[in-house]
Amino acid sequence: MSEIKLDKVHKSFGSVEVLHGVNIDIKDGEFVVFVGPSGCGKSTLLRLIAGLEPITSGDMYIGEKWVNDLSPVDRGIAMVFQSYALYPHMTVYKNMAFGLKMGNQGKAEIEKRVRNAAEILQLTPLLARKPSQLSGGQRQRVAIGRAIVRDPEVFLFDEPLSNLDAALRVQTRLEIAKLHQELKNTVVYVTHDQVEAMTLADKIVVLHDGNVEQIGSPLDLYNHPANLFVAGFIGSPKMNFFEGRITSIGKGQAAVKLADGKETVVPVEGAHLGVGGKLTLGIRPEHLELEVSSGGPVVGGHVDVVERLGDVSYLYVRANGDAPFIASLPGTSDVQPGTEISLGTDPIHVHVFNENGNAITNARNPAL
Amino acid sequence: MNKKHLSAGMVHTLLLSYTLLALWPIFLVLINSFKTRKAIFKDPMAIPTVETFSLVGFDKVLARSSFDIYFSNSIIITVVTLTLTLLIGAMAAWALSEYKFRGNLLMGLYLAIGIMVPIRLGSVSILNLIVELNLTNTLTALILVYTAQSLPLTIFILSEFIGQIPKDLKEAARCDGVSEYKIFFEIILPLIRPAIATVGIFTMVPVWNDLWFPLILAPGEEARTVTLGVQQFIGQYVTDWNAVLASLTLAIIPVMILYIFFSRQLIRGITSGAVK
Ligand SMILES: Nc1ncnc2c1ncn2[C@@H]1O[C@H](COP(=O)(O)OP(=O)(O)O)[C@@H](O)[C@H]1O
Ligand SMILES: [Mg+2]
């Protein structure tokens, strides 16, 4: 069993604290992705789990064992580094066998495991080559192979795809997903790319400035972002935000005056709100429609640019009273740049955030 | 285009003429060591001919003196010093650049001083120390002094190189359960081989050529080195040029072999491929 539990984990480098009390529970066999902007502490957190850095305070358990003081080997982890970290003077075979030799495995057993991993990763013809004779994608696979042969309880990946080109990235992403389905190990995967996170994860941990902002399944985060940061980070193109002030509060709804002067009614529980309070409405580009219906908020402006991707078109709109926003319309719509436009959405799709940036439950659809 | 060729040609001419200049004395030593005494004085620039050819110098050096002992002394001192310096130096460089411990910085500064202050300034205290240790006229004395002399620069250069090895490589090895010693011997050492070869050459030459410490620490017959041994042919009134030139010619051979060995490591290291 290899569940992982982090309990109030703090990490400081000198006097600078980079992780401020992280609590995470990871189930056995789960694929967990840490995602967040660059510098938010993802790698540091992963290295704490690996045992490459000591924890400043807090507790960590892997499979019910308290591992704070254990070395990387004793934690039963294998790590794939962003730079691949292949030993440049060893062949592919030796790269994969090196760690096994240290574990005092029999020669036949080592050979079997390396051949097996090479087979899975299609590396068999490359076993005699040096890393410098491999392409980026092949090196990446060797790095993964080196982790597989050790048959670890937990796989740790630190931005494994960031050095690959776009096509290879998609392909390798699929391979990693397949690999996880086959091996069923626990995986902790770090990335700054929310698309990778959404596609791979059973569970996503969103980090920001050393704090966990939200933990949940990809759809959880998409549908119920807990705060402005998560709302803006998950989803592509990112969610549009419109600021407004509450003008009146009714039962299960509040009237909000947006920056362009228009009033709209949003379905929220008004208990903690006061008239005059500031709210932020969040609407995903894909939820904005040309047909304005059902009494939801309406936003409008001047279309600056239209990006046609075929299946969808992205409209970059300079809003009348507020920050610019993006709308994603079906590829069949023929909106031209330079025109004025008005877009609306169903109230169900409106995310509402209070002054502190935290989400307020949408009364019309709390379980959305 | 033309200009570029010209400048490359000029660079080569410059380098070639410098090489010629540097090799000229060695060339003179070589040709004159195969000539009769008379011919040496008559025309030092001449190539040995049938009349002037003579092996009398080599005969004197090899048959009628203890040059075999001097030679083996020099070789033992150089090789043992090299081994100790490179091994201890590389390990110390690894420790200083990899592990953060109390006194790390202080130790680095201390070594830097060792680079800047010539060890010969301490000759008197070194002599006292060696006498007290009862090591006068032993190879051990010279080996210890030379190792001490070579270590600071070795550590300084090697820690620079070790610092350039990506952190990920060491950490990947640690995740693989490789012990710190194995990391050093099987990952770090192979990767800094070119640096080790360079440092090896730098260390070897002054040790092989040194006259000072053999003179004050080990002038006795049985611990004499080649450089000191040559001196017996240089008298106050007469110098046996045949013997001097012949022994100098012979002295080139071992350094040459070591140099070839190291430079092959250098080239192999450079071509063994990128780290990433
Ligand atoms: N060894 C270190 N010493 C000092 N600060 C560090 C060290 N490693 C990381 N940091 C700091 O910790 C923060 C988080 O870094 P990191 O975990 O690498 O971010 P991420 O992987 O999310 O981009 C950064 O501000 C970085 O400067
Ligand atoms: Mg990182």
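The values are calculated or read from the model by the stated rules, or taken from the named source; none is laboratory data. This structure is a prediction, so every number in the text was calculated from the model and none was measured. Don't worry about glycine lacking a Cβ; one is built from the backbone with ideal geometry, like all the others, and counts go over all protein chains shown.
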- Give the residues of segment A:184-193 that are farther than 13 Å from A:R173 by Cβ and either within 16 Å of ligand 1 (Cβ to nearest atom) or not assigned by TED's automatic domain parsing to the domain that holds A:I24 (or both), sorted by residue number. A:V188, A:V190, A:H192
- Answer with yes or no whether A:V22 is within 16 Å of ligand 2 (Cβ to nearest atom) and within 24 Å of A:N185 (Cβ to Cβ). yes
- Task: Please verify whether segment A:126-136 includes one or more residues that are among the small types (G, A, S), in contact with an Asp or Glu (Cβ under 6 Å, 6 or more places away or on another chain) and away from ligand 1 (no atom under 16 Å from the Cβ).
- Result: no
- With the condition kept exactly as written, say whether any residue in segment A:35-56 is more than 16 Å from ligand 1 (Cβ to nearest atom), touching a residue at least 40 places away in the same chain (Cβ under 8 Å) and in a strand (DSSP E or B). no
- Query: Just to be sure, is A:R308 assigned by TED's automatic domain parsing to the domain that holds A:F353 and either under 31 Å from the mean Cα position of the chain (by Cα) or crowded, with 17+ Cβ neighbours inside 10 Å (or both)?
  - Reply: yes
- Task: Report the residue count in segment A:83-119 for those that are crowded, with 18+ Cβ neighbours inside 10 Å and farther than 26 Å from B:I165 by Cβ.
- Result: 2
- What do you reckon, is A:S248 within 28 Å of A:D346 (Cβ to Cβ) and either aromatic (F, W, Y) or in a strand (DSSP E or B) (or both)? yes
- Find the residue count for segment A:59-70, including only residues that are part of a loop (DSSP other than H, G, I, E, B), at pLDDT 90 or above and within 28 Å of the chain's Cα centre (by Cα). 2
- Item | Subset of segment B:162-183 (residues that are of a type in the set (A, V, I, L, M, F, W, C), in contact (Cβ under 8 Å) with a residue 40 or more places away in the chain and more than 7 Å from chain A (Cβ to nearest Cβ)) | B:I162, B:I165
- Please enumerate the residues belonging to segment A:35-64 that are at negative phi, loosely packed, with under 14 Cβ neighbours inside 10 Å and more than 13 Å from ligand 2 (Cβ to nearest atom). A:P54, A:S57, A:D59
- Query: Does at least one position in segment A:148-166 carry a residue that is touching a residue at least 60 places away in the same chain (Cβ under 8 Å), assigned by TED's automatic domain parsing to the domain that holds A:N104 and in a helix (DSSP H, G or I)?
  - Reply: yes
- Pairs, please: C-beta under 8 Å, at least 6 apart or cross-chain, first residue free of Cβ contacts under 8 Å to residues at least 24 places away in the same chain and in segment B:72-84, second surrounded by 17 or more Cβ atoms within 10 Å (Cβ to Cβ) and of a type outside the set (A, V, I, L, M)? none
- Query: What is the number of the single condition among (1) within 14 Å of chain B (Cβ to nearest Cβ); (2) within 16 Å of ligand 1 (Cβ to nearest atom); (3) under 22 Å from A:R146 (Cα atoms) that A:L70 does not meet?
  - Reply: (2)
- Regarding A:Q133, is this residue within 11 Å of chain B (Cβ to nearest Cβ) and free of Cβ contacts under 8 Å to residues at least 40 places away in the same chain? yes
- Checked segment A:1-30 for anything part of a loop (DSSP other than H, G, I, E, B) and more than 10 Å from ligand 1 (Cβ to nearest atom); matches are A:M1, A:S2, A:E3, A:S15, A:K27, A:D28, A:G29, A:E30
- Task: Considering only segment A:158-176, state which residues are away from ligand 1 (no atom under 16 Å from the Cβ) and either surrounded by fewer than 19 Cβ atoms within 10 Å (Cβ to Cβ) or not hydrophobic (A, V, I, L, M, F, W, C) (or both).
- Result: A:L164, A:D165, A:A166, A:A167, A:L168, A:R169, A:V170, A:Q171, A:T172, A:R173, A:L174, A:E175
